[in-house]
Amino acid sequence: PPPKMAALAVGQDASDTLDLLHEISSLLETGLDKETLAVLLALCEQGVNAEALAAVVKELRREAAALNAAEDGITEGEQAGVFA
């Protein structure tokens, strides 16, 4: 195919891949939106370790939950089991 068509096909493949990844993510109830998945996928494609990324996402969720709990006046003990 001509270069422009090949680029469109690659772009379509990437879009299809992201759509599929988002569908799987939704089925697994990860709570990750397409934009976040795209960033995580791009980081993996650049060589970042997927397990390390998963650990960072989990830690960020814990921190967000702790901040939300503090804002809502919930003690650490009450919210400790949220993302255990």
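Structure data summary
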| read-out | value |
| --- | --- |
| Failed item, numbered, when Ala9 is tested on (1) open to solvent by less than 100 Å² (accessible area, probe 1.4 Å); (2) modelled with pLDDT of 95 or more | (2) |
| Flag if Glu78 is open to solvent by 50 Å² or more (accessible area, probe 1.4 Å), part of a helix (DSSP H, G or I) and modelled with pLDDT under 80 | yes |
| Scope region 16-43; condition surrounded by 13 or more Cβ atoms within 10 Å (Cβ to Cβ) and not β-branched (Val, Ile, Thr); matching residues | Leu18, Leu21, His22, Ser25, Ser26, Leu32, Lys34, Leu37, Ala38, Leu40, Leu41, Leu43 |
| Check on Leu53, part of a helix (DSSP H, G or I), within 16 Å of the chain's Cα centre (by Cα) and surrounded by 12 or more Cβ atoms within 10 Å (Cβ to Cβ) | yes |
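The values are calculated or read from the model by the stated rules, or taken from the named source; none is laboratory data. Predicted model only: the values in this text are computed from it and were never measured. Using ideal geometry, Cβ is built from the backbone for each residue, glycine included, and neighbour counts are taken over all protein chains shown. Areas reflect the complete protein model, heavy atoms only, side chains present, ligands, DNA and RNA absent. Shrake-Rupley method; radii C 1.70, N 1.55, O 1.52, S 1.80 Å.
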